[in-house]
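The values are calculated or read from the model by the stated rules, or taken from the named source; none is laboratory data. Remember, predicted model here, so these are calculated numbers, not experimental data. Here the Cβ positions follow ideal geometry from the backbone for every residue, glycine too, while neighbour counts run over all protein chains shown. Just the protein is used for accessible areas: all its heavy atoms, side chains included, with ligands, DNA and RNA removed. Shrake-Rupley method; radii C 1.70, N 1.55, O 1.52, S 1.80 Å.
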Amino acid sequence: NTNYSRNLYELLVGGVLSLRPDKYEKINGFSNEYWNWGAEDDDLAFRMIARATCITRPRDEHALFKMSKHRPSSQNINRENVLLGSLRRHKVDGISNFEKLNLIFVKEEHKSLFTHIKVIVGRQPDDY
């Protein structure tokens with residue numbers, strides 16, 4: 001099956017993305033306000049724009065995508081409202097407020113291109 005395609009829209013950063021640690025810190029990482037499915041990747045794109053972190057992509061003949069089969073996740077009903085506040089909170093929501101999540105560290109694995117850190121996040125907020 002050759003159902004591969006180009007990015008759905010220019011700012012799409014969902015799926016596979018590689019960021020150097022210094023760039024990830026510069027954009028304050030991912031928001032901690034998203035639960036379930038929806039808009040977290042768009043929020044990350046806004047953070048990258050706000051902090052002048054460019055997205056570079058290979059030419060289409062070298063890199064097309066196809067979504068992997070996966071179980072659907074429940075949709076975050078507040079995703080649009082959370083996304084609308086993204087640029088107001090991007091400096092204080094992310095790596096900078098990680099401690100509010102009350103994470104339980106499980107394990108850390110160093111790979112050649114990334115470090116896999118597994119944590120237990122706990123319960124999501126009741127309004128999601």
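Structural remarks
- If you go through region 79-113 and pick out every residue that is of a type outside the set (A, V, I, L, M) and at pLDDT below 85, you end up with 4.
- Criterion (without any contact (Cβ under 8 Å) to a residue 40 or more places away in the chain, in a strand (DSSP E or B), surrounded by 10 or more Cβ atoms within 10 Å (Cβ to Cβ) and among the basic types (Lys, Arg)) met by exactly one of Lys107, Lys118: Lys118
One line per residue, one yes/no per condition, for (1) among the β-branched types (Val, Ile, Thr); (2) in contact (Cβ under 8 Å) with a residue 40 or more places away in the chain; (3) open to solvent by 60 Å² or more (accessible area, probe 1.4 Å):
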position	(1), (2), (3)
Gly38	no, yes, no
Met48	no, no, no
Glu80	no, yes, yes
Arg88	no, no, yes
Lys100	no, yes, yes
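- The residue that is nearest to Leu12 (Cα to Cα), counting only those in region 65-78 that are of a type in the set (S, T, N, Q) and either out of contact with any strand residue (DSSP E or B) (no Cβ under 9 Å at 6 or more places or on another chain) or open to solvent by less than 60 Å² (accessible area, probe 1.4 Å) (or both), is Ser68.
- Among the residues listed as Glu25, Glu61, the single one being at pLDDT below 85 and either under 20 Å from Val121 (Cα atoms) or open to solvent by 90 Å² or more (accessible area, probe 1.4 Å) (or both): Glu61
- Taken over region 44-90, the residue count meeting the criterion of being within 16 Å of Ser18 (Cα to Cα), assigned to a helix (DSSP H, G or I) and charged (D, E, K, R) is 1.
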